[in-house]
Structures are given as structure tokens and as C-alpha cells.
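Only one structure is covered here, and it is reproduced in the block below.
The values are calculated or read from the model by the stated rules, or taken from the named source; none is laboratory data. This is a predicted model, so every value here is computed, not measured. Note that each Cβ is placed from the backbone with ideal geometry, even for glycine, and that neighbours are counted across all protein chains shown. Keep in mind that these areas ignore ligands, DNA and RNA; they rest on the heavy atoms of the full protein, side chains included. Shrake-Rupley method; radii C 1.70, N 1.55, O 1.52, S 1.80 Å.
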Amino acid sequence: MIDALAGMRSSLGLEAPLPTRRDRRAVGGLLERVRSRNADGERTSAKDEVLRVIAWIPSNTFWLRRAMTGRALVANWPDIVNDYAVDLIDKQRAYEAQAAERDKPRPERGPHRHTWLCSHVLAELGCTSEQVQAGEHLQEQAWQIAFRMNAGAQERTSANTGAHPVREGGA
């Protein structure tokens, strides 16, 4: 555990003081506390839990500044573990919110209405929007193309639904 703490700090370019006998004793006591708290009482699960928290510490700069030695880790353990648990809860909530947003039904979009500066109209004209805006003749052609495209889309929609475009209030 002490080596994991020192390795984590060293990999970030932070000071990693050499562990003392008191550091080793404190971390050993922490492992016993964590093990006795766990229902199954397995020593490996206590080590795994402590290692997970040590691996999380770099994401929380508050504890990264304070957990320099084994004794500092043990002295702050209840608060560190609490922040670790809260961070996991926050991440789970964010994931669930993201999943809910992603899975939310999207409103159906109506058919595209072509305008005189629509990319489809401009493509058929073979002009840019600047060219069309600059010339009255091109504007008139663009309006006619947009009208024709919209009328064709209305007829296709009506044919699919069985409604007659003129009799059913269509254009």
C-alpha cells in the first residue's frame, strides 16, 4: 500500500517521502480495520479497496496534497473514503442522466421545407447563396425551384398517406 502511494505520487512528479516504521504500522492497522469492516473478512478485498482509493486520489487534488505518507493516508482515511464514495455516486448519477437523455424519445421532425437559400435548391441551381442573393434573376429561379420541390414533397407525402393534396387542404 505504501509503495502504491509512493508510486502514484512519484508518477505525478510529486514528493514521495521514504516510508518509516510508523507509516508501515499505520497502514497495517488500516488494512486490519478495513478487513474487519468487510463482511467476508478477506484480506485481499481490504487490499483491493485501499488500492482503489489510492488510485483515485490523483483525481481529487485536495487529498493529493495531503496524503503524502502512510500515516497521513491513515489519519485522513474516513474523509478520503467518504469523498471517494461520493465521487462514485456523482459519476453514477451523471451516467444515468446521460443514458436517460440518450434514450429519451425524440420528437418526429416534419418534412424538410425547401427555401430559396436551401442547400438543395442551391445545388440544383449550381450557385452559392451569395450569388443568389446578389442577382434578382437567380432569386426568382431559386424561389421557383423551392416551390417545385416543396410541391413534389407534398404529393409524395399525400401519396404515402392516401390523402389528396388539394382536397385535404394541401398546396
Checklist outcome for this item: Treating only Lys and Arg (+1) and Asp and Glu (-1) as charged, each at its beta carbon, one finds that the chain has a dipole about its Cα centre, in Debye to the nearest 20, of 1120
Next on the checklist: Could you give me D for the stretch 1-76, from Stokes-Einstein at 37 °C and 0.692 mPa s, where the hydrodynamic radius is the Kirkwood radius over C-alpha pairs? Units µm² s⁻¹, please.
Outcome noted: 262
Checklist entry - Which listed residue (N60, S11, G70) has the Cα farthest towards the positive end of the charge dipole for the chain, taking +1 on Lys and Arg C-beta and -1 on Asp and Glu C-beta about the Cα centre? => result G70
Checklist entry - GNM on the chain, C-alpha springs below 10 Å: top fluctuator among G135, G29, G110? => result G135
Checklist outcome for this item: Reduced to Cα centres, the span from the stretch 60-89 to the stretch 94-159 in Å works out to 55
Checklist entry - How large is Rg over Rh for the chain, taking Rg from the Cα atoms and Rh as the Kirkwood inverse mean of 1/r across Cα pairs? => result 1.49
Checklist entry - What's the longest bit of the chain with no exposed trypsin sites (Lys or Arg not before Pro), using DSSP loop states and at most 13 other Cβ atoms within 10 Å as the test? => result 1-108
Checklist entry - Which one of I80, M149, H112 has its Cα pushed farthest toward the positive end of the charge dipole of the chain, where Lys and Arg give +1 and Asp and Glu give -1 at the Cβ? => result I80
Checklist entry - For E15, what charge total do you get from the other residues with a beta carbon under 13 Å from its beta carbon, if Lys and Arg give +1 and Asp and Glu give -1? => result +3
Checklist entry - With the radius of gyration and the Kirkwood radius both derived from the Cα set of the stretch 70-116, what is their ratio Rg to Rh? => result 1.53
Checklist entry - If you take the beta carbon distance between T20 and I89 as r and set R0 to 41 Å, what does 1/(1 + (r/R0)^6) give as a FRET efficiency, to the nearest 0.05? => result 0.70
Checklist entry - Points 7 angstrom from Cα along the Cβ direction at A99 and F62: gap in nanometres? => result 2.8
Item to check | Of every Cα-Cα pair in the stretch 53-92, the percent that sits beyond 17 Å | outcome: 20
Next on the checklist: Tell me the per residue accessible area of the chain using a 1.4 Å probe; a whole number in Å² is fine.
Outcome noted: 69
Checklist outcome for this item: Mean separation of Cα contacts under 8 Å (at least 6 apart) over the residue count of the chain, i.e. the relative contact order in percent, is 16
Item to check | Potential lengthening between A123 and H137 on full extension [0.36 nm per residue; Cα-Cα distance subtracted] | outcome: 3.4 nm
